[in-house]
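Have a look at the structure below before the remarks.
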Amino acid sequence: MISRKIPESELQSLLEIHPYLIESQFLNASFEFQKCLESGRADIVVYLNDEIIVVELKVTPLIDSDVLQLNGYLEDIQKQTFDKSVRGILIGEEPKNDIYKLLKILHFPIKVKMLKKDIPIEIKICKNCRCANDIKKLSCIYCNAVYW
């Protein structure tokens, strides 16, 4: 089976519609997309009760500059808020170099999620709860329905 490549704009649209594919707690969160910050545009900013999460999307193998870009966005967000914790999520293809060394020395916690492995790009919608699931799943991960 040939693996499908997804354009970043399509990935952005998918996650704008179904942000809970990133983390299930995003199901009822508020968002800003393409938020302008001092150091650039953050793809997705998620607002939860006690924290702000900045999500950076890449459709290529992750590299150190992607980590540093996200870290810059987190610094910008931290300057704007004092009452919430700030963390990042970097989504992309499997890194070709060891970005994890860099992640260990940064001030902000950044979670790395891999496309297709952690973030599905081919989905089906549950007929019961209307949530998106990875096309390979046999039952809905949100309501356990087994019919599609």
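Read-outs throughout are calculated quantities, based only on the coordinates presented, and are distinct from any laboratory measurement. All figures in this text were calculated on a predicted structure; none of them were measured in a lab. Here the Cβ is made from the backbone with ideal geometry for all residues, glycine too, and neighbour counts use every protein chain on show.
Which of the residues that make up the stretch 77-111 are of a type in the set (D, E, K, R), more than 17 Å from residue 58 (Cα to Cα) and assigned to a strand (DSSP E or B)?
Within the stretch 77-111, the first condition is being of a type in the set (D, E, K, R), and the residues that meet it are 79, 83-84, 87, 93-94, 96, 98, 101, 104, 111.
Okay, now just the ones that are also more than 17 Å from residue 58 (Cα to Cα), so 79, 83-84, 87, 101, 104.
If the condition is that a residue be of a type in the set (D, E, K, R), more than 17 Å from residue 58 (Cα to Cα) and assigned to a strand (DSSP E or B), then 87 is the only one that fits.
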Name, by its number, the condition in (1) surrounded by fewer than 16 Cβ atoms within 10 Å (Cβ to Cβ); (2) of a type outside the set (Gly, Ala, Ser); (3) within 25 Å of residue 142 (Cα to Cα) that does not hold for residue 81. (3)
Anything in the stretch 14-37 that is in a strand (DSSP E or B) and either in contact with a strand residue (DSSP E or B) (Cβ under 6 Å, 6 or more places away or on another chain) or without any contact (Cβ under 8 Å) to a residue 24 or more places away in the chain (or both)? List them, or say none. 30, 31, 32, 33, 34, 35, 36
Out of (1) of a type in the set (D, E, K, R); (2) over 17 Å from the mean Cα position of the chain (by Cα); (3) surrounded by 15 or more Cβ atoms within 10 Å (Cβ to Cβ); (4) closer than 27 Å to residue 134 by Cβ, the odd one out for residue 75 is which? (4)
Just wondering, is there one or more residues in the stretch 38-61 that are in contact (Cβ under 8 Å) with a residue 12 or more places away in the chain, under 14 Å from the mean Cα position of the chain (by Cα) and in a loop (DSSP other than H, G, I, E, B)? no
